[in-house]
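The values are calculated or read from the model by the stated rules, or taken from the named source; none is laboratory data. Since the model is a prediction, treat every value here as computed from it, not as a measurement. Cβ sites come from the backbone with ideal geometry, for glycine too, and all protein chains shown count toward neighbours.
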Amino acid sequence: MRIVHGADEGRRTLLRRQPLGETELPAAIRKKNAELFGADLPVEQQVRRILDDVRREGDAAVTRYGKAFTGVERAAFEISRDEIAASYATVDATLVDALREAAEHIRAYHELQRQHSSRSFSERGVGMQVRAIERVGMYVPTSPGAVYPSSVLMTGIPAKVAGVEELIMMSPPGRDGAMSPLKLVAADIAGVDRVFAAGGAEGIGALAYGTQTVPRVDKIVGPGNIFVTVAKREVFGSVGIDALYGPSETIVIADDTADPMFAAADLLAQAEHDELATPILLCTSQAIAEAVGAEVERQLRLLDREEIARTSFDARGGAVVVGSVAEAVELGSEYAPEHMCLLVRDAAAVAKTVRNAGGIFVGDDAPESLGDYTAGPSHVMPTSGAARYASPLGVHDFLKVTSVVAVDVARLREAGPAAARIARAEGFTAHARAIELRLQGGEPGE
């Protein structure tokens, strides 16, 4: 494991971020894209071409691009309720029970969040109405060897707790053209209303613009690959989006009380996501860094996804040795990671000093991977430094506020004159007269 010393060297090396859109695509994907578009186009240009075609052609474009990218062509995009019901028979009953248990924890957390979220109010004639967004599209990714039923629960349940009337799931089918039964079971447990088998930029375009088959949604949520992320950025404005998600990232902060085995396990839990994941240790001594590095090497050999995790560590992982836990927290907050794990003395007190992180995992008994499945909060969290200004996906992402002004005549007389003066100062006499006419009892003035 690579080890560097000092915050400045850490910023220059391991903690240096790559801007969205500058990700180097694998050669095989670049070759396929060149064949499809006639040139090796940048990601942004490819996505715009796809979105324009989906907007013009609807289902035909979604079918064409889906077949071009995956070799799969389905007779119909939508998964029927019968197919969803039949999926239970092919999933182990104990796993179904585990998904239901996870759903209970996730639902309970978000019901508490709903109670403490913005509520409708009215005071002195002004207030706000809080309503759920009517139709939401949730994107759930697929990758080789990974299905992500947990992401279905973590995205769908907060939406339903918020009161979303129609929740539509978009997810790529497998190589055989079928949707994973495990994903369909999770969708049913989460309360998803409709499921469509399509992915990539064309799936985002179908949700944003609507097609002959896919209804247009009001907001799109959920993570995906670089094409999905850029597509969400392109359609923003036509629809709402939650955030732009990058590859998974975790910072583990460790002092001399940390168990190297736990620190390595937490880092590897993120490294195995994909080759672009970022697992970084911030620690207070060379000895800790070396001990964790040895554990990483030992545990790598035990993983089913060893090659992916090793590639992630070699490319983006490592350790930064700093002078104190406080300096580590400051450096970590500056980086604003998706996950921050605190394996330090008095971790609860240290957690209060963290300024920026999608999620904070406090102490030995709170592994980040518990948060991925059953702790309760959504594991869809801000990445790429967005934790400086953004929050994990939650009930609030599915609510919208409408301001309400219902003042009586007494309040109008109190607040109206100042409003009219400001309006006239801005040159908006019609604004001023709309107030003044009421103040004059409807009698026309000058």
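A few comments on the model shown:
- Subset tally (residues that are surrounded by fewer than 19 Cβ atoms within 10 Å (Cβ to Cβ) and not in a loop (DSSP other than H, G, I, E, B)) for region 166-187: 2
Yes/no matrix, rows are residues, columns are (1) over 23 Å from the mean Cα position of the chain (by Cα); (2) of a type in the set (D, E, K, R); (3) more than 20 Å from P172 (Cβ to Cβ):
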{"site": "K67", "(1), (2), (3)": "yes, yes, no"}
{"site": "A76", "(1), (2), (3)": "yes, no, no"}
{"site": "S87", "(1), (2), (3)": "yes, no, no"}
{"site": "L95", "(1), (2), (3)": "yes, no, yes"}
{"site": "R100", "(1), (2), (3)": "no, yes, yes"}
{"site": "I133", "(1), (2), (3)": "no, no, yes"}
{"site": "A146", "(1), (2), (3)": "no, no, no"}
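- Here S238, S312, S333 are screened, and the one residue that is among the polar types (S, T, N, Q) and in contact with a Lys or Arg (Cβ under 7 Å, 6 or more places away or on another chain) is S333.
- Pairs linking a residue in region 180-193 that is within 15 Å of A93 (Cβ to Cβ) to a residue that is polar (S, T, N, Q) and not in a loop (DSSP other than H, G, I, E, B), with Cβ atoms under 8 Å and 6 or more positions apart or on different chains, are P181/S87; P181/T90; L182/S87; V185/S87; A186/S150; D188/S87.
- The single condition from (1) touching a helix residue (DSSP H, G or I) at 6+ places or on another chain (Cβ under 9 Å); (2) surrounded by fewer than 17 Cβ atoms within 10 Å (Cβ to Cβ); (3) hydrophobic (A, V, I, L, M, F, W, C) that A348 fails is (1).
Quick grid of which residues meet (1) aromatic (F, W, Y); (2) in a strand (DSSP E or B); (3) modelled with pLDDT under 95:
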{"position": "V214", "(1), (2), (3)": "no, no, no"}
{"position": "V217", "(1), (2), (3)": "no, no, no"}
{"position": "G224", "(1), (2), (3)": "no, no, yes"}
{"position": "T229", "(1), (2), (3)": "no, no, yes"}
{"position": "E234", "(1), (2), (3)": "no, no, no"}
{"position": "G246", "(1), (2), (3)": "no, no, yes"}
{"position": "T250", "(1), (2), (3)": "no, yes, no"}
{"position": "T257", "(1), (2), (3)": "no, no, no"}
{"position": "L281", "(1), (2), (3)": "no, yes, no"}
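- Test: residue in region 64-86 that is in contact with an Asp or Glu (Cβ under 8 Å, 6 or more places away or on another chain), under 30 Å from A406 (Cβ atoms) and not polar (S, T, N, Q): no
- Single residue of E275, E297 found to be closer than 20 Å to R17 by Cα and among the acidic types (D, E): E275
- Per-region count, region 70-96, residues of a type in the set (A, V, I, L, M, F, W, C) and more than 17 Å from F196 (Cα to Cα): 5
- Scan region 115-134 for residues that are among the basic types (K, R) and crowded, with 19+ Cβ neighbours inside 10 Å and the total you get is 0.
- Selection count, region 40-65, where residues are among the hydrophobic types (A, V, I, L, M, F, W, C), over 24 Å from the mean Cα position of the chain (by Cα) and over 15 Å from T211 (Cα atoms): 1
- Yes/no for L41 being over 20 Å from Y148 (Cα atoms), in the same structural domain as A197 (by TED's automatic domain parsing) and without any contact (Cβ under 8 Å) to a residue 60 or more places away in the chain: yes
- Enumeration of residues in region 305-332 that are among the charged types (D, E, K, R), more than 16 Å from I3 (Cα to Cα) and touching a helix residue (DSSP H, G or I) at 6+ places or on another chain (Cβ under 7 Å): E306, E327
- Flag for D314 being more than 16 Å from the chain's Cα centre (by Cα), on the phi < 0 side of the Ramachandran plot, modelled with pLDDT under 95 and of a type outside the set (S, T, N, Q): yes
- Matching entry among R433, R411, R424 (being surrounded by fewer than 19 Cβ atoms within 10 Å (Cβ to Cβ), touching a residue at least 40 places away in the same chain (Cβ under 8 Å) and outside the structural domain of E334 (by TED's automatic domain parsing)): R411
- Extreme residue, surrounded by the most Cβ atoms within 10 Å (Cβ to Cβ), among residues of region 272-319 that are over 20 Å from L343 (Cα atoms) and among the polar types (S, T, N, Q): S312
- Checking each residue in region 75-100 for being outside any helix (DSSP H, G or I) and either within 30 Å of L370 (Cα to Cα) or not aromatic (F, W, Y) (or both) picks out A75, A76, E78, I79, S80, V91, D92.
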